[in-house]
Amino acid sequence: MGFSLLKNLRLTQFMLAAAARGEFKLTQSILATALFVSLLIVLTVSSQAYLSQLPILEEIAIKPALIASKEPLKGIAIKISYIKLNSNFILILASSNLTAFLKLNQANIDGKLPSFGEALLGVKLKPLIENSTFTLKGLNLKVSGFINSPEHLSSAVILADSTFEKLNFSYECFYLKEEGDFQAFAQAPSSLSLIKAVASEILKMVSSIAWVLRSALTLICLMQAYSIAKESRKTLKMLLALNASKINLTLSLTILALLISGIAVALGYAIGLTGLALSSSALSIFYGLPYIKPLASYALIKELIFALTASFLALTILFANEVLKL
Amino acid sequence: MISIKVLKPKAIIAFMLASLLTLTIANSAFALLYGFSSSMLKAMGGLSKEVLIIQEGAKSIHTSWVPLSLAESLNKLPNVKAKPFTLTPSIVNGQPVIVRGLSILFDYENKIIEGALPKEDGAWILFGEKAYKKLRLKIGDIIAIGSPKNPSLIFLIVAGVYKLGDLRDYEAVVPLNLGLALAGLPKGFVSAIQVEGIKKEALKKLLEKPYKIEIIHEAIDGQLTILDALSLPIASISLKDSKPKKLELPFGYYTFIYQASGLASNITSLLLTKDQTLNLSLKKGLFKLKAILPASVNPALISESGKEIKGFWVGDSWLFNVSQGAYILKLKNSSFKILIQGDSIFNPAFAENQQSLKVKVLWRDGTEASNYIISIKNLNGELVFGAESHTSTITIPLPAGEYEIEVSKPPYLAKAHVNVPSKEIISITLSGLSNPSKIPLEAFKRLKPSSPIEASIMALSMLIGLAASMLLALTIALTILSAFALFAIYKALYSFAKENLKLLWMLNAESSFIFKTVTMPILALSLTLSLLSSILAFILHESLNLSILGYGALTLFQFIFAYSTLLALTSWLSFQAEINKSIKEGFMH
């Protein structure tokens, strides 16, 4: 009844022969497990292929030249408020460094910068001027000039800090700086942050799907292991009757479990790669979308190890349980 | 009961669990595939069934340049409604959102659920309900949006929230002028034009080629300036001899202005839809001649036949109703020869007391520009001078006053405000050519009408190119493989039941009996599982709330359920086919 390597090898050989004859009904179980493994492979390979291309996209994207932050940073502080005039929103801006602010915005102005009691108006606000003054919260402000461009300042009012404070606006403060941290509140050109944001959306999605698929794979492995173990009962009873020890049986079944898991994972890997390559090439041919080149990576190896472990553990545990029941 | 015994209770439980799981995954993959593909196709294609005009060769609707004047021209066609817009992928609070620039907010009226719909252009932004919730904004918030192309940050006030019930609820809306600034489009260009009331083929025919115009005229010294539908000069012809002038223009609404010393005549406006001959010599009917003179002058207008035409003082000028021909306008101390070709404005100040205004046009890098059209308008917006210049510096005779100078080298336009007389040379800078292939009439010629689907595919291929490819390949592969997995599970069920089925067959059970007692209950079970898995997949899809470029993957429960039922039915049919085959072969294999 003790452990013997030779006996164990013979037992394993016998079991493999039985499996090959179809006594454990392995084909369907291996196929089902392999298909679930392939789902995980497709997800991992495609996301890794996408990630590998991101640096290229980032390389060609225009780097931010201007950033805005709500946190204080070394740059221009700009106070922003607004008023609603005849159902129109008018921005009120003030800064202690208006020259720099207007330069950052490449503003083209006619006139001069506003001092206390003056306002620099967007060109579209001209109709609101009466007797060379613009009235804001009951205060008559002398118009110091007009902003002809850019478009987004064409309906804005720019004030000196002192005037802004006197008018007692509730405001939000932004800090503007040329170039800087990509994590800023806003940046322009924003193409780089756009690439990062879209990538982050996709990775969030991939991660959510991966958890669902890993759970599904674990459950399928358990179900398939259960059915294989159940199918093997008759053979195991026969082997026990032929004086095979339970330890030897368990060890042989462990080797069998490893083989089954290996085959299922290898098949799943092949199906996954082929499936992804086929669908991506079809999309590339018919819609001109970029081809997703399957990519081996550490993440892929991790998923393969996970699938192998899940299948092997499920089979080993349920085989051992079956042997114990005998 | 027979069914349970034949199929074995534990096998049925395992089958139910495996099927439920596989169907849920298959349904989720399908929901993602359907949601993303339909969302992206609709969103990138402009969310409408109407024809879209985008720039031919543009990889995406977001990178397309279409002349805004084309929308104005199309609106002159009977029963045609053209709506220009911009679409810009942007970042708000660190998350991607598509910002739509619109001039007409008709679709959004009565759809505001919070805040208000602004009535005028200004620094406002509206958010769709879904985007508003996702970005955690409040009405009155001030946000900063950066243009993806330009170093330009735009501050905007969150003015309202709309709910349209479609994918636009994931977007934001700004006035068209700000949409243009965000998109980094040159003045006079938009991303696309949505056209109603004309079929794609008819529009394609209209836009595909330029039309020939032959201008027949008398030998008159002057300049013929052609304005597009936005009153921007697009061509200028010098009329120095009596030879007919030929030019080619694409479809559009054009106004022909004849200019001579002190006179600007609006000769004609036409909607160019075919090759045309414009005869400037044969115009009939009465025209209006507006003479910019004080009331006290009391001018006399004498025709070639010597007949005096009476003028009327209309508040700011003298008005004469005249037919085509040559006239002499007599003032107290002077007289002017005027050639009337159409409605005209005559300002003797332009013929007398003229100052020289020197204008120099440069590119942003300081190099000299040439072959541009320069037009000068008075403060009333009336064209007083227009010419095509082949040199960077041009000297223009103008009377004293304030003027707006426009230098147009499509797609670039630069403006300047001047006071004449001016001792300085007025320097006007055109922004640099970022893409030399996008030049004047080429921009018009390279347009093609396309259906939203075609536009969407283009958008998909460029804007999110790789991401779209990855998502589609992934979801297609997941959908197909999960369907295979389900077939494998049904095959496994048959494999487990095979021995008991053989037993039934050996007991002389007919195939109709096996169908009633074994396969029909499995069909009922499959349909129940398909319903359950559809519900689970729908809940999963909604709770994950996945999005791409700000757009959610909108899907309908009915579609998921229909797909799930189809999958369950097909798998069941494969199960039934296996049993039939075995019965036929006497369970030999």
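Figures for the structure shown
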| read-out | value |
| --- | --- |
| Those residues of the range A:12-39 which are of a type outside the set (A, V, I, L, M) and at the interface with chain B (Cβ under 7 Å from one of its Cβ atoms), in sequence order | A:K25, A:Q28, A:S29, A:F36, A:S38 |
| Conditions (1) in contact with a Lys or Arg (Cβ under 9 Å, 6 or more places away or on another chain); (2) among the β-branched types (V, I, T); (3) surrounded by fewer than 19 Cβ atoms within 10 Å (Cβ to Cβ): number failed by A:I92 | (3) |
| Qualifying residue in the range B:277-300 (condition: among the aromatic types (F, W, Y), in contact (Cβ under 8 Å) with a residue 12 or more places away in the chain and surrounded by fewer than 16 Cβ atoms within 10 Å (Cβ to Cβ)) | no |
| Matching residues in the range B:303-347 - criterion: being within 13 Å of B:S265 (Cα to Cα) and not in a strand (DSSP E or B) | B:Q324, B:Q341, B:G342, B:N347 |
| Sole residue being within 18 Å of A:A216 (Cβ to Cβ) and in a helix (DSSP H, G or I), chosen from A:L324, A:L313 | A:L313 |
| For A:S215: the one exception among (1) among the small types (G, A, S); (2) without any contact (Cβ under 8 Å) to a residue 24 or more places away in the chain; (3) farther than 26 Å from B:F484 by Cα | (3) |
| Set A:K112, A:K124, A:K142, A:K137: member being modelled with pLDDT of 90 or more and basic (K, R) | A:K142 |
| When residues of the range B:383-428 are limited to those that are surrounded by 15 or more Cβ atoms within 10 Å (Cβ to Cβ) and assigned to a loop (DSSP other than H, G, I, E, B), the one modelled with the highest pLDDT | B:S392 |
| Any hit, the range A:216-227, residues being modelled with pLDDT of 85 or more and surrounded by fewer than 17 Cβ atoms within 10 Å (Cβ to Cβ) | no |
| Residue within the range B:56-65 that is in contact with a strand residue (DSSP E or B) (Cβ under 7 Å, 6 or more places away or on another chain), hydrophobic (A, V, I, L, M, F, W, C), modelled with pLDDT of 70 or more and assigned to a loop (DSSP other than H, G, I, E, B) present | yes |
| Matching residues in the range B:88-108 - criterion: being assigned to a strand (DSSP E or B) and free of Cβ contacts under 8 Å to residues at least 60 places away in the same chain | B:I91 |
| Selected residue (only one of A:E165, A:E178 is of a type in the set (D, E) and within 11 Å of chain B (Cβ to nearest Cβ)) | A:E178 |
| Selected residue [away from chain A (no Cβ under 14 Å) and over 50 Å from the mean Cα position of the chain (by Cα)] from B:L527, B:L566, B:L503, B:L573 | B:L503 |
| Output for the range A:53-65, where each listed residue is out of contact with any helix residue (DSSP H, G or I) (no Cβ under 7 Å at 6 or more places or on another chain) and at the interface with chain B (Cβ under 10 Å from one of its Cβ atoms) | A:I56, A:A65 |
| Residue match in the range A:292-299 (condition: more than 14 Å from chain B (Cβ to nearest Cβ), outside any loop (DSSP other than H, G, I, E, B), more than 18 Å from B:A468 (Cβ to Cβ) and not β-branched (V, I, T)) | yes |
| Selection status of B:I476, among the β-branched types (V, I, T), out of contact with any Asp or Glu (no Cβ under 6 Å at 6 or more places or on another chain) and within 30 Å of B:A29 (Cα to Cα) | yes |
| Residue within the range B:63-73 that is within 13 Å of chain A (Cβ to nearest Cβ) and either touching a residue at least 24 places away in the same chain (Cβ under 8 Å) or more than 17 Å from B:P186 (Cβ to Cβ) (or both) present | yes |
| Every residue from the range A:188-216 that is more than 8 Å from chain B (Cβ to nearest Cβ) and more than 18 Å from B:L32 (Cβ to Cβ) | A:L192, A:I195, A:K196 |
| Elements of type strands (runs of 3 or more DSSP E) in the range B:109-196, at least 1 residues being within 14 Å of another protein chain (Cβ to nearest Cβ) and out of contact with any Cys (no Cβ under 6 Å at 6 or more places or on another chain) | B:112-115, B:124-128, B:142-146, B:153-162, B:172-175 |
| Count of residues meeting criterion [buried (at least 17 other Cβ atoms within 10 Å of the Cβ), of a type outside the set (S, T, Y) and within 10 Å of chain B (Cβ to nearest Cβ)] in the range A:66-83 | 5 |
| Failed item in (1) closer than 30 Å to B:A414 by Cβ; (2) in contact with a strand residue (DSSP E or B) (Cβ under 6 Å, 6 or more places away or on another chain), with B:P175 passing the rest | (2) |
| From the options B:L540, B:L527, B:L531, residue that is surrounded by 16 or more Cβ atoms within 10 Å (Cβ to Cβ) and in contact (Cβ under 8 Å) with a residue 24 or more places away in the chain | B:L540 |
| Residue check, B:V92 touching a helix residue (DSSP H, G or I) at 6+ places or on another chain (Cβ under 6 Å) and either aromatic (F, W, Y) or in the same structural domain as B:P151 (by TED's automatic domain parsing) (or both) | yes |
| When residues of the range A:84-105 are limited to those that are closer than 12 Å to B:W124 by Cβ, in contact with a strand residue (DSSP E or B) (Cβ under 7 Å, 6 or more places away or on another chain) and of a type outside the set (F, W, Y), the one nearest to the other protein chains (Cβ to nearest Cβ) | A:L91 |
| Residues satisfying the stated conditions in the range A:129-162, i.e. aliphatic (A, V, I, L, M) and within 14 Å of chain B (Cβ to nearest Cβ) | A:I147, A:L153, A:A156, A:V157, A:I158 |
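Residue-by-condition table, conditions (1) modelled with pLDDT of 80 or more; (2) of a type in the set (V, I, T); (3) over 16 Å from B:S19 (Cα atoms):
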{"position": "B:L493", "(1), (2), (3)": "yes, no, no"}
{"position": "B:M506", "(1), (2), (3)": "yes, no, yes"}
{"position": "B:F515", "(1), (2), (3)": "yes, no, yes"}
{"position": "B:L529", "(1), (2), (3)": "yes, no, no"}
{"position": "B:Y551", "(1), (2), (3)": "no, no, yes"}
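The values are calculated or read from the model by the stated rules, or taken from the named source; none is laboratory data. Values in this document were obtained by computation on a predicted structure and should not be read as measured data. Cβ: placed from backbone, ideal geometry, glycine included. Neighbour counts: every protein chain shown.
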